[in-house]
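Trainee: Have a look at this one before I ask anything.
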Amino acid sequence: MDQKKVREFTERYLKLNDCHILESGPTYLLTQLSIHADKDLLNRPFYWMYVERMNLPPQPVRLSFVFDPENHPEEIRGEHLFYGTPRFAKILQSAQKHGKFVRLYEEPRYEPAYTDLTKPYSPWLAVNYKVSYVCDQKRDRLCSLGINLNDGTIREGFYEVIKDRRWSNRLPAKRYTVEPRLQMVEAVGELEYYLEETIRCEDLTWAEEAEKRLQSELERLDVFYPDEPSMPDEIQKEKKRRREEIVWQFHPRVEISVINAGLFYVDTPQQNLTNQKVWL
């Protein structure tokens, strides 16, 4: 996740969690945290326990985040925020905790003043995955997929398609939903299969190189602990333990986890969702 996406995600998180952005510059932003954001992002359990027990007015913390320290003004202090920092990890955890699954309806873009016509929504299941490429090194990427529950169309980068649209948690007037052809379990299975096939078609050079490093480490272990009939049991146990540690550290694997998901009822005709990939 590059710095632009880190900032976009951070700003969206702050707004959705009722945090006030007090000042915003090209390289930084200053925010007044809300109470529950303070509880999620800062480790102050004893403070909040004291405030709530004594019925005192709460004082959430102000935080300053810096996204580009190389071009940042020296007079403004802040915390360097990027993907991988403990603070951004807490932001992701908080977003996951409060927004694991949502159900939203797109607000109509234009509606004639006087009409009795009603329109159906197009239901889409969206899932945001974290894909981790793990060996003795680790690389993460985010993958946003959406599947149309009526016809099985799968759309990559689904979040980018819907992020600028207006949504409501209530069904708008003159709109209705229909029973989808795909059940939720079937749709999730299709997305998982699609993602697995996509990963299988990726460049596996990183895994091949990790496998070579694994074999090299195992050979080095055999040199350090040569197999001999007279080897004491303690040394054999130590070698076995070290071998398991090396395999766990160097063995290449892909780990997939769900960040959050949602059922989105899209008002725009399906053909307007460009660059679609049909999997069914």
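What follows draws every value from the coordinates through simple rules; no lab data is involved. Predicted, not measured: the structure shown is a model, and the values here were computed from it. We place every Cβ from the backbone using ideal geometry, glycine too, and count neighbours over all the protein chains shown.
Trainee: If I compute Rg and Dmax of the Cα atoms in Å from the structure I just sent, which labelled value in [x] 25.0, 93; [y] 21.0, 71; [z] 24.4, 79 lines up?
Mentor: This structure yields the entry labelled [x].
Trainee: Peptides 87-98, 216-227: what's the order by average Cβ count within 10 Å, highest mean first?
Mentor: Working: 87-98: 16.0, 216-227: 11.9.
Descending mean neighbour count gives 87-98, 216-227.
Trainee: In square nanometres, what is one fourth of the surface area of the convex hull spanned by the alpha carbons of the range 139-199?
Mentor: Working: hull surface 22.9 nm².
That works out to 5.7 nm².
Trainee: Using helices alone, what [θ] at 222 nm do you get for the chain, with -39,500 (n - 2.57) per DSSP H run of 4 or more residues, divided over all residues and rounded to the nearest 500?
Mentor: Details: 8 runs with 104 residues, N = 280.
One gets -12000 deg cm²/dmol as the mean residue ellipticity at 222 nm.
Trainee: Same structure again: Between the helical axis of 205-224 and the dominant principal axis of the chain, each derived from Cα atoms, what acute angle in degrees is found, rounded to the nearest 10?
Mentor: Approximately 30 degrees, to the nearest ten.
Trainee: Subtracting the Cα-Cα distance from 0.36 nm times the residue separation, let me have the gained length for R12 to I76 in nm, one decimal. Don't skip to the answer; put the middle values down first.
Mentor: Details: separation 64, 0.36 × 64 = 23.04 nm, distance 2.24 nm.
Result for the pair: 20.8 nm of gain on full extension.
Trainee: Just flag the GluC sites (Glu not before Pro) in the range 37-104 sitting in loop per DSSP whose Cβ has no more than 12 other Cβ atoms within 10 Å.
Mentor: E74, E75
Trainee: Please compute the net charge surrounding D68, taking Lys and Arg as +1 and Asp and Glu as -1 over other residues with Cβ under 15 Å from its Cβ.
Mentor: Working: positive: K4, K5, R7, R77; negative: D2, E8, E11, E70, E74, E79.
Cβ neighbours under 15 Å give a net charge of -2.
Trainee: Give me the extension gain from D140 to T177: residue separation times 0.36 nm, minus the current Cα-Cα distance, reported in nm with one decimal.
Mentor: On the way: separation 37, 0.36 × 37 = 13.32 nm, distance 3.63 nm.
Taking 0.36 nm per residue and subtracting the Cα distance, the gain is 9.7 nm.
Trainee: If a paramagnetic tag sat 7 Å from the Cα of T198 along the Cα-Cβ line, which residues of the range 120-158 would have the backbone N under 11 Å from that point?
Mentor: Of the residues in the range 120-158, 127-131, 142-147, 154-158 have backbone N under 11 Å from the label point off T198.
Trainee: Right, next: Using a cut-off of 15 Å between beta-carbons, work out the net charge of the residues near Y133 (Lys and Arg +1, Asp and Glu -1, Y133 not included). Please list the in-between numbers first.
Mentor: Working: positive: K130, K138, R139, R141, R200, R213, R253; negative: D136, D140, E196, E202, D203, E208, E209, E211, E255.
Net charge in that neighbourhood comes out at -2.
Trainee: I'd like the Karplus ³J(HN,Hα) series for the range 61-66: coefficients 6.51, -1.76, 1.60, θ = phi - 60°, whole numbers in Hz, and an x wherever there's a Gly or Pro.
Mentor: Couplings: 7, 9, 10, 10, 10, 10 Hz.
Trainee: Pairs K130/K237; K97/K212; K15/K39: which are spaced more than 27 Å apart, C-alpha to C-alpha?
Mentor: Details: K130/K237 36 Å; K97/K212 39 Å; K15/K39 16 Å.
Long pairs (Cα-Cα over 27 Å): K130/K237; K97/K212.
Trainee: Could I ask something else about it? Determine, for each peptide in 56-62, 155-161, the mean count of other beta carbons within 10 angstrom over its residues, then list the peptides with the highest first.
Mentor: Working: 56-62: 11.9, 155-161: 17.0.
Highest to lowest by the protection proxy: 155-161, 56-62.
Trainee: Another one. If you project the alpha carbons of the range 1-112 onto the principal axes, what extent comes out on each, in Å, largest first?
Mentor: In descending order, the Cα extents are 54, 39, 26 Å.
Trainee: Highest mean first, what order results for 176-182, 187-193, 36-42 on Cβ atoms within 10 Å?
Mentor: Order by mean packing, descending: 36-42, 187-193, 176-182.
Trainee: Tell me the net charge near K97. Cut-off is 12 Å between Cβ atoms, K97 excluded, with +1 for each Lys or Arg and -1 for each Asp or Glu.
Mentor: Taking every other residue near K97 into account, the sum is +2.
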